[in-house]
Structure formats: structure tokens, C-alpha cells
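Trainee: Got a structure for you, written out below as C-alpha cells; questions coming shortly.
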Amino acid sequence: MSLRPPHAFLRLSQIEGERRGRTALGESSLEAAVRRDLAVHDAVRRLDLVPATRPESGYDARGSGSRYRIAGCTASDLLVAAGAFRPGHWDRGLLVFMSTELEPLAIDELSFEAARATRSVVRLRASGRRRWEGG
């Protein structure tokens with residue numbers, strides 16, 4: 001069971017995605033904006049991270065002396081969007097695996113090099129370290 005408010009956060013994410021016009025992932029899809037915002041929210045909450053104070057900071061959250069860039073993907077995603085781990089001021093990547101209902105299933109941590117080198121979800125999973133898994 002999710003601790004998120006059922007509709008409030010989703011609507012807030014939709015409004016934010018519409019306001020941006022294009023997502024930080026470089027996609028124009030509203031679903032991608034919602035998926036990314038939910039991934040950031042879930043990773044921050046489940047891994048006890050501190051969210052970035054400014055969106056232009058180049059990272060999404062901080063914790064344990066590292067700056068994290070966060071991306072989300074569902075089972076139907078074969079590739080993570082090309083801009084998901086774009087260059088910026090971050091040290092590690094977090095990939096949030098989600099159900100088709102956008103509930104978090106697992107979170108993997110990736111090194112900067114691994115996150116920047118490949119876009120395949122399968123390769124990212126192989127190079128990552130599991131930080132959280134739903135049960």
C-alpha cells in the first residue's frame with residue numbers, strides 16, 4: 001500500500017509536467033513527467049534522501065555524501081530515455097522500477113559511469129546495486 005495521497009500527488013505531478021512543457025528527461029510526454037516525479041518522490045522517501053532545493057542544480061536528491069540523479073521505468077520500458085542520466089552535478093544514479101500502476105517495485109543505485117554508459121534497462125539492472133525492494 002502506498003503512503004502517497006491517492007490523487008493529490010498525481011495531479012500535482014501532471015500540473016508540474018504541463019508547466020515545464022518538456023520533462024527533465026528530454027521527453028514531451030506527460031506520462032514521462034509523472035513517472036519521473038513519482039520516481040523522485042519514492043526514492044527520496046524510501047531511501048531517506050534530501051530533495052534538491054533547485055531544479056537546475058543538476059541532481060534530484062542528496063544523501064550519504066552523494067548527489068543522486070533519479071529516473072523511473074516501468075516493465076514495458078526497454079530503454080531508459082536518453083536524457084534520464086544527462087550530464088550534470090551528480091555522483092550516482094538511482095533507477096526506480098515501477099509497476100504499470102506506477103507503484104515502486106525496486107530501486108537500484110548506479111555509478112556515474114554505468115548510468116551514463118548505457119540506456120538499456122537490462123544492462124542498468126546488471127550494473128546496479130539494489131538499494132530497496134518492495135515486498
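The values are calculated or read from the model by the stated rules, or taken from the named source; none is laboratory data. Model, not experiment: these values are computed from the prediction. When we count neighbours, we look across all protein chains shown, and the Cβ atoms used for this are built from the backbone with ideal geometry, even at glycine.
Trainee: Among the residues of the stretch 75-91 satisfying the criterion of being under 19 Å from Val44 (Cβ atoms), in contact with a helix residue (DSSP H, G or I) (Cβ under 7 Å, 6 or more places away or on another chain) and surrounded by fewer than 21 Cβ atoms within 10 Å (Cβ to Cβ), which is modelled with the highest pLDDT?
Mentor: Ranking the candidates gives Asp91 first.
Trainee: Quickly run through the stretch 45-59 and pick out the residues that are part of a helix (DSSP H, G or I) and either at pLDDT 90 or above or exposed (fewer than 10 other Cβ atoms within 10 Å of the Cβ) (or both). Break it down into steps so the answer makes sense when it comes.
Mentor: Applying the first criterion (part of a helix (DSSP H, G or I)) to the stretch 45-59 yields 45-46, 55-57.
Across the stretch 45-59, the qualifying residues are Arg45, Arg46, Glu56.
Trainee: State all residues of the stretch 110-125 that are among the charged types (D, E, K, R) and in contact (Cβ under 8 Å) with a residue 40 or more places away in the chain; if no residue qualifies, say none.
Mentor: Answer for the stretch 110-125, where residues must be among the charged types (D, E, K, R) and in contact (Cβ under 8 Å) with a residue 40 or more places away in the chain: just Arg119.
Trainee: Would you pick out the residues in the stretch 92-109 that are acidic (Asp, Glu) and either surrounded by 15 or more Cβ atoms within 10 Å (Cβ to Cβ) or in contact (Cβ under 8 Å) with a residue 60 or more places away in the chain (or both)?
Mentor: First, the residues of the stretch 92-109 that are acidic (Asp, Glu): 101, 103, 108-109.
Residues satisfying the conditions are Glu103, Asp108, Glu109.
Trainee: Filter the stretch 100-135 down to the residues that are part of a loop (DSSP other than H, G, I, E, B) and either among the aliphatic types (A, V, I, L, M) or at pLDDT 90 or above (or both) and list them by number. Walk me through it before giving the result.
Mentor: Narrowing the stretch 100-135 to residues part of a loop (DSSP other than H, G, I, E, B): 100-103, 118-119, 128, 134-135.
Listed by number, the residues that qualify are Leu102, Glu103.
Trainee: Working only within the stretch 60-74, note down all residues that are at pLDDT 90 or above and either assigned to a helix (DSSP H, G or I) or of a type in the set (Val, Ile, Thr) (or both).
Mentor: The one that is at pLDDT 90 or above and either assigned to a helix (DSSP H, G or I) or of a type in the set (Val, Ile, Thr) (or both): Ile70.
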